[in-house]
Every structure is written in C-alpha cells, then in structure tokens.
Amino acid sequence: MGQVRHIDISDATGIPGHLLLAGMVGAAADKARQALGGPVALTHCDAIDIRSAVAGFETRPEAWIVRTDDGALTVAVTVLADPASGDQRIAAYGRFTLSPADRFPPEKGEPGA
C-alpha cells in the first residue's frame, strides 16, 4: 500500500466528496502517525457518510482514536461545517483502520518494492 497523502481541508468551501474523503483519510493518518510514531498504511474503511460541505461553509476535521487492535488503530473522523451563522453541522463522518506501514511491505510493481 502506498503512503497516505494529506489534503488540507481546513478552509475548503464547496469541496467535492472525493476530496472531502481524501482529507478525512489524511486526518486519520495524521492521528495514527502521532500515536504509532511512524508511517502508516490504510487497511480498512469501517464506515463513511459524506453529506457535503456547502459553498460558504468552512470545514474542519476532528479525529479520535476509538480502538486499538494488534497494533492497528481505528480512527473516527468527523468533519464539521461552520456556516457563517455560527451553526455547526456534520459534513462527513468516517472510521478508518490504519496500521504501521512496515506491516504491509510494497507489493511487486509498487514504489519501494
């Protein structure tokens, strides 16, 4: 598996769903990297619910470790959208399982193989 690329979604407006998902995975990877102390690999997407970040909203991800299992971490990510009025709404939610990258060596033909 390749490295997870972080996409900053802290000030995005009207962000497409695929970029919102990539930003969520990036936030989960950042949290897992902090906890595991090194590169991580995404091993499973446990849940995903993408509503949308409507134009004019500022989105910001929040990530928490919700489970540890045999060196893997499950991280919950919620993306809150703050409309100009000050109301908070959930733009997206997901749970992602990540493991140390060295547990999954690159497969033949992948970079680093």
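Among the residues making up segment 14-38, a single one is touching a Pro at 6+ places or on another chain (Cβ under 7 Å) and outside any helix (DSSP H, G or I): Gly38. A single member of Asp30, Asp46, Asp11 is farther than 15 Å from Arg95 by Cα, among the acidic types (Asp, Glu) and either at pLDDT 55 or above or more than 14 Å from the chain's Cα centre (by Cα) (or both), and it is Asp11. Residues in segment 49-77 that are over 15 Å from Tyr93 (Cα atoms) and modelled with pLDDT of 90 or more: 4 in all.
The values are calculated or read from the model by the stated rules, or taken from the named source; none is laboratory data. Keep in mind it's a predicted model, so treat the numbers as computed, not measured. Glycine gets a Cβ as well: all are built from the backbone with ideal geometry, and neighbour counts include every protein chain shown.
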